[in-house]
Amino acid sequence: MKLTMPRFDQAPVLVVGDVMLDRYWHGSTSRISPEAPVPVVKVEQIEDRPGGAANVALNIAALGAPAALIGVTGADEAADSLAASLASAGVTTRFQRIASQPTIVKLRVMSRHQQLLRMDFEEPFATDARALAGDVAALLDGIKVLVLSDYGKGALRNHQELIRLARDKGIPVLADPKGKDFGIYRGASLITPNLSEFEAIVGPCADEQELVAKGATLMRELELDALLVTRGEHGMTLLRPGQPALHLPARAREVFDVTGAGDTVISTLAAALAAGEELPQAVALANLAAGIVVGKLGTAAISAPELRRAVQREEGSERGVLTLEQLLSSIEDARAQGEKIVFTNGCFDILHAGHVTYLEQARAQGDRLVVAINDDASVSRLKGPGRPINSVDRRMAVLAGLESVDWVVSFSEDTPERLLQLVKPDVLVKGGDYGIDQVVGADIVRAYGGEVRVLGLVENSSTTAIVEKIRNR
């Protein structure tokens, strides 16, 4: 299936569920304690990250979608840390703070990227279910998807009422289930159990055929629109009544830490559906996101540039011929990774040794090389009748095949000045024997602090000379 990057900025999602704080103590270890055979960790850094339902909301916001979160916390420092972290990420929060109980905190002691110890501080919350439902009802207007992020910690005590509130407004409900009673999620649009959670309900599945059959029975019993079973290294299986099962392979290149992978799946899925994606495409995007997050340490959010790059790799558009819109998105992602953008332009009618050498030199000026070429009409205006020899699509295809070239785009004007104003390259490069002040667009690039560089040309290499030589034979 073809994947595209959704417009997440118009996809508001509301998350309701168990909020917790993931706290990390990082430090070095150089000796064993004299008191017991355990390493001594010299704590050098304390890091707080939103966890549970808060991590789901954070992931949604990191993708660029408007996110709101309703949950239950204590009235303590941990709740303040959570609220501050989420607010800085643009998440709207509405916490039911219970003074007599602590915010759930999961403390991990880390050394050299290894987890040595985890300590959990938690008590099941005595949630005011009526008040929580009132908060949900108050925030549902304008919401595209409701997520129930259930960790079985007590925040969600009225699943059926929350599902009814959303479905009455035509809002899909996604649930990340916990426990041994999936009946509480009856009527949800989709639930996302992992394989062990799924088998705890339906029994062991010897193979995919049995998984599909038992999943179909579960969907029928619970009146679900769909079921997504996440299967670790075996990927994901999407089931829908009356439709063939969709099995997606795992996308992880290297598994470093599976913490929060389920949060990433449901958050990406929710944001994609809210943005108007069809369910199979949304699941495929969630699968890509999960492949990214398991390569990170601890609870982590996936950014829009990271996901867009994964989509580009999947579709083979990470390099090559792009539209202007695709180019601008790719450049945004490259800059998010700290990469320097180099830009050059020309007709490149008949590619010769001089072009290849020049483009290799241009690429060496930064991390990514954009080659903008004149379309056929502008080449004719610049070079005269009979030019170009090769059409724009062929010229672009040849350039895209060079190892030194990242992206190729065409323009219809006689000069690339409009493109330069949009792309804003870090370095503008031209080849020739003229001065920097003679480079078209130099003033544009210098105005925002970019660099302009002139590279030498390979002697006796000229498209015009080649054309004349052919014509005179």
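The values are calculated or read from the model by the stated rules, or taken from the named source; none is laboratory data. Just so we're clear, the structure is a prediction, and the values are computed from it rather than from any experiment. Here the Cβ is made from the backbone with ideal geometry for all residues, glycine too, and neighbour counts use every protein chain on show. Note: accessible area is taken over every heavy atom of the protein model, side chains too, but ligands, DNA and RNA are not part of it. Shrake-Rupley method; radii C 1.70, N 1.55, O 1.52, S 1.80 Å.
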Q: Report yes if some residue within segment 173-189 is part of a loop (DSSP other than H, G, I, E, B), in contact (Cβ under 8 Å) with a residue 60 or more places away in the chain, open to solvent by 10 Å² or more (accessible area, probe 1.4 Å) and not β-branched (Val, Ile, Thr); otherwise report no.
A: no
(Q) Being on the phi < 0 side of the Ramachandran plot, surrounded by 20 or more Cβ atoms within 10 Å (Cβ to Cβ) and not aromatic (Phe, Trp, Tyr): is that true of residue 372 here? (A) yes
(Q) For segment 38-56, give me each residue that is in contact with a helix residue (DSSP H, G or I) (Cβ under 9 Å, 6 or more places away or on another chain) and either over 18 Å from residue 288 (Cα atoms) or open to solvent by 40 Å² or more (accessible area, probe 1.4 Å) (or both). (A) 48, 49, 50, 51, 52, 53, 54
**Q.** Elements of type strands (runs of 3 or more DSSP E) contained in segment 29-111, each with 3 or more residues being under 26 Å from residue 271 (Cβ atoms) and not acidic (Asp, Glu)
**A.** 39-52, 67-74, 92-98
Q.
Just to be sure I understand, how many residues within segment 55-107 are basic (Lys, Arg) and over 30 Å from residue 273 (Cα atoms)?
A. 2
Q: Would you check if residue 161 is farther than 30 Å from residue 31 by Cβ and in a loop (DSSP other than H, G, I, E, B)?
A: no
Q: Could you please tell me which pairs satisfy a Cβ distance under 6 Å, a separation of 6+ or placement on different chains, a first residue in segment 82-108 that is touching a residue at least 40 places away in the same chain (Cβ under 8 Å), and a second residue that is open to solvent by 60 Å² or more (accessible area, probe 1.4 Å) and in a strand (DSSP E or B)?
A: 105/121; 106/120; 107/119; 108/115; 108/118
Q: Output the residues belonging to segment 375-422 that are more than 17 Å from residue 323 (Cβ to Cβ), open to solvent by less than 30 Å² (accessible area, probe 1.4 Å) and small (Gly, Ala, Ser).
A: 378, 384, 404
Q: For segment 14-37, state whether one or more residues are open to solvent by less than 10 Å² (accessible area, probe 1.4 Å), closer than 21 Å to residue 110 by Cβ and aromatic (Phe, Trp, Tyr).
A: yes
Q: Go through segment 423-448 residue by residue and tally those that are in contact with a strand residue (DSSP E or B) (Cβ under 7 Å, 6 or more places away or on another chain) and open to solvent by 80 Å² or more (accessible area, probe 1.4 Å).
A: 1
Q: Say whether the condition of being acidic (Asp, Glu) and buried (at least 17 other Cβ atoms within 10 Å of the Cβ) is met by at least one residue in segment 148-156.
A: yes
**Q.** Hits in segment 112-129 - residues which are in a strand (DSSP E or B) and touching a helix residue (DSSP H, G or I) at 6+ places or on another chain (Cβ under 9 Å)
**A.** 121
(Q) Looking at the structure I just gave you, is residue 245 more than 20 Å from residue 56 (Cα to Cα), of a type in the set (A, V, I, L, M, F, W, C) and open to solvent by 50 Å² or more (accessible area, probe 1.4 Å)? (A) no
Q. So is residue 132 open to solvent by less than 10 Å² (accessible area, probe 1.4 Å) and assigned to a helix (DSSP H, G or I) or not?
A. yes
**Q.** Scope segment 190-209; condition polar (S, T, N, Q) and open to solvent by less than 50 Å² (accessible area, probe 1.4 Å); matching residues
**A.** 192
**Q.** Selection count, segment 332-345, where residues are crowded, with 18+ Cβ neighbours inside 10 Å and at pLDDT below 90
**A.** 2
